[in-house]
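Heads up: the structure comes next, in structure tokens.
The values are calculated or read from the model by the stated rules, or taken from the named source; none is laboratory data. Quick caveat, the model's predicted, so the values are computed rather than measured. Glycine also receives a Cβ, built like all others from the backbone with ideal geometry; neighbour counts cover every protein chain displayed. Each accessible area value is taken on the protein alone, full model and side chains, heavy atoms only, with ligands, DNA and RNA left out. Shrake-Rupley method; radii C 1.70, N 1.55, O 1.52, S 1.80 Å.
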Amino acid sequence: MDNSPTEAEQYERIRTRVFRSSDEAVRVVAASIARLIRERQEEGRNAVLGLATGSTPLKLYRELIRLHREEGLSFRSVVTFNLDEYYGLPPQHPESYRQFMEVQLFKHVDIPTANIHVPDGMVSRLGVFEYCLEYERKIGDAGGVDVQLLGIGRTGHIGFNEPGSAIESRTRMVALDRLTRRDAARDFRGEANVPEYAITMGVGTILQARELTLLAWGESKASILRAAIEGSQTDTVPASFLQRHSNCRCYIDEAAASELTRFRSPWKVGPVEWAPPTVRKAVVSLASDLKKAVLRLRDEDYAENGLAPLLVETGSTYSLNIRIFNELQHTITGWPGGKPNADDSNRPVPAEPAQKRVLVFGPEPLDAELGMAGTLHRLVRHQHDVTFAYVTSGNLGVPDNEARMAISLLNELSVNGPGDTRGNNRLEQLAQELEQKAPFDEDSPGLRQFKGLIRKAEARASCQVLGLDVSKVLFLDLPFYELGRYRQFKTSDQDVSAIRDLCQRIQPHQIYVTGSGAEPSSVSGISFRLVAAAFEAWSAEAWMKGCQIWLYPSSERPWTTHEIDMAVPLSPAELAVKLDCLYHHRSQRSQTPFSETQSGESWQQAEHNNRATAQYYDRLGLPEYEAMESFRRHKESELRPASIASS
Ligand code: F6R
């Protein structure tokens, strides 16, 4: 590949290829790894691969396994070195990185065990230093790493080199950042169970590989990727040190690329087509950057910020400002189900029919409540026929202690009541399992079911706060989740048809779904793609043609103002109702304190986001509300039901 950046890439300090989907990206990366392995085999030499774990490389490993099975790619001459391992986890532990690699790659290919190297998380504390030196020596003895695969954490870490890691750091033991531990909490069923330390290759070790390949998918990686690729080199974003390497490439999908200048402000890197969404984005960004209301923007503001061509295109500053101001104003509505008998030509939702059938999908309990509890409350108060479908029970997210508390409550009840011994036996069994279980053991199906009941009880209580009819609160318990575990879900036709049939039965006028479709292995990503498959199936149906699909945001990635197609204001009292609803999901509390840069309790984050959206509108010169929930209208390109069955 030519090393000089194109005009569009002029802000990027690492060569970056952007793909429509992660599927396309992994095919390219896997093909290049296969080429390397085959070339080396022809020369009678080993290929040395540096490997990463986490959700990012999962599809790549699947593609490599496919190449092995279907195209005869042999791993006999491949030597691997993994980036990192949790300290304190034995190799056979289900969450250890060694186990991850076995399950995701090694046991499916013909790699000799002696060629595999994953740091040992059980090495004694006193022996760690020597062990790490030895790990580096082994890399050297193997001839150095040919290609190092990397993911990126939301802290900007590569391997487990958290902020503060020096560019020359070597393989060593490190303490994990709080955000990293929080991101891993799901896998370990509670943040308290996540190991505090890890052994990781250093930044310096990584930079010694001959080629670096960083992969990233999904919106949640967008802002940290911008810092790593376009920001200055700093140890507060260790991935920014990759800029030093002459042979480093990022392979990312469109969602992960969305904060790069060429996508975020394309007018800064060359001529653009001034389609209406781009115009709105440019004006809103200009007003936000200059901290000015839209109607106060002047000719020189546009001219001095590279937007003179926009003025040429659209005529006068005055009419452009008015146009965008009106567009923003028209996104605001207190009638998310449409305002009956009103002129709806400038409203986001049609007035007719006055009473709409509304179908809301929540991937796990709490997701939809965080994104749109206030709007749900309004839809119910405005007498729409609202069905709320929880795609999964969320049982994997319940800490053992919550289950213990529920068992104790039930025990108290049965002692005082008539005494249902059958029930008691079951409780006893569950109590025993909790007692005997090591912190990281898998839950039995019975315990998972019990934990699911806890979340369903919380969900019902929270729906009651919103006034939802309990008979319209559905728990779909889709098999992909009930039979799977985080990062290792597999969807089947049963999952697809459950969603498809529900849509057909309800024939909704509005569907609400969370929009994080690009996060391939997350529960919300899978749910999104299942819903997308249902849209695809029913696209020819008359009811589908009149159906509006609204995307609510995740707490980690709220919509920015220019993206919003509908903003629903919340009064102080409505915000209080929302928080009350969220508090009922008590099993989902975390121990992390909230700050503006690190997400704490999810409801604090949601409140913060809703208040921030209202403040953005206010600063742009629109009315000042207490808080706002925001939605994007579905666009064709965002609902590609790609590779459902292989999730
Ligand atoms: C894993 C590793 C980490 C991950 C990063 C992203 O071996 O070294 O740096 O690559 O935390 O994790 P995912 O892919 O789960 O988003």
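Structure above, values below:
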quantity	calculated
Test: residue in the stretch 204-223 that is touching a Ser or Thr at 6+ places or on another chain (Cβ under 8 Å), among the polar types (S, T, N, Q) and open to solvent by 30 Å² or more (accessible area, probe 1.4 Å)	yes
Set ALA498, ALA534, ALA540: member being open to solvent by less than 20 Å² (accessible area, probe 1.4 Å) and farther than 26 Å from VAL103 by Cα	ALA534
SER55 vs. criteria out of contact with any Phe, Trp or Tyr (no Cβ under 6 Å at 6 or more places or on another chain) and within 16 Å of the ligand (Cβ to nearest atom)	yes
Looking only at the stretch 323-376, and only at residues there that are over 30 Å from GLY452 (Cα atoms) and of a type in the set (Lys, Arg), the one that is least open to solvent (accessible area, probe 1.4 Å)	LYS356
Pairs, first part of a loop (DSSP other than H, G, I, E, B) in the stretch 143-160, second near the ligand (Cβ under 6 Å from one of its atoms) and charged (D, E, K, R), C-beta under 9 Å, six or more apart	GLY159/ASP84; PHE160/ASP84
Tally, over the stretch 220-256, of residues that are away from the ligand (no atom under 16 Å from the Cβ), assigned to a helix (DSSP H, G or I) and touching a helix residue (DSSP H, G or I) at 6+ places or on another chain (Cβ under 7 Å)	2
Qualifying position, being over 26 Å from TRP217 (Cα atoms) and charged (D, E, K, R), among GLU304, GLU259	GLU304
Qualifying residue in the stretch 40-51 (condition: within 16 Å of the ligand (Cβ to nearest atom), among the hydrophobic types (A, V, I, L, M, F, W, C) and surrounded by 20 or more Cβ atoms within 10 Å (Cβ to Cβ))	yes
Residues of the stretch 449-471 that turn out to be open to solvent by 10 Å² or more (accessible area, probe 1.4 Å) and among the charged types (D, E, K, R), as a count	4
Which listed residue is surrounded by 22 or more Cβ atoms within 10 Å (Cβ to Cβ), in contact with a Ser or Thr (Cβ under 9 Å, 6 or more places away or on another chain) and not hydroxyl-bearing (Ser, Thr, Tyr), from LEU478, LEU474	LEU478
Residues (on the phi > 0 side of the Ramachandran plot and more than 16 Å from the ligand (Cβ to nearest atom)) located in the stretch 183-219	ARG189, GLY190
Selected residue [of a type outside the set (A, V, I, L, M, F, W, C) and within 15 Å of the ligand (Cβ to nearest atom)] from ARG154, ARG76	ARG154
Breaking point among (1) open to solvent by 60 Å² or more (accessible area, probe 1.4 Å); (2) under 30 Å from MET372 (Cβ atoms), for TYR318	(2)
Odd one out for THR236, checked against (1) crowded, with 18+ Cβ neighbours inside 10 Å; (2) among the hydroxyl-bearing types (Ser, Thr, Tyr); (3) in contact with a Pro (Cβ under 7 Å, 6 or more places away or on another chain)	(1)
Test: ARG20 is open to solvent by 20 Å² or more (accessible area, probe 1.4 Å), modelled with pLDDT under 95 and among the charged types (D, E, K, R)	yes
Residue count, the stretch 487-507 (criterion: within 16 Å of the ligand (Cβ to nearest atom) and hydrophobic (A, V, I, L, M, F, W, C))	1
Qualifying position, being surrounded by 13 or more Cβ atoms within 10 Å (Cβ to Cβ) and under 24 Å from LEU215 (Cα atoms), among VAL118, VAL123, VAL128	VAL118
Any hit, the stretch 84-97, residues being within 14 Å of the ligand (Cβ to nearest atom), open to solvent by 20 Å² or more (accessible area, probe 1.4 Å) and closer than 23 Å to ILE37 by Cβ	yes
For THR180: the one exception among (1) assigned to a loop (DSSP other than H, G, I, E, B); (2) closer than 22 Å to GLY397 by Cβ; (3) near the ligand (Cβ under 10 Å from one of its atoms)	(1)
First in the stretch 521-544 and over 23 Å from GLU219 (Cα atoms), second anywhere and open to solvent by 50 Å² or more (accessible area, probe 1.4 Å) and assigned to a loop (DSSP other than H, G, I, E, B), Cβ under 7 Å, 6 or more apart	TRP543/GLN507
Number of the exception - ARG189 against (1) over 30 Å from THR314 (Cα atoms); (2) touching a strand residue (DSSP E or B) at 6+ places or on another chain (Cβ under 9 Å)	(2)
Extreme residue, nearest to ARG38 (Cα to Cα), among residues of the stretch 128-171 that are of a type in the set (Ser, Thr, Tyr) and at pLDDT 95 or above	TYR135
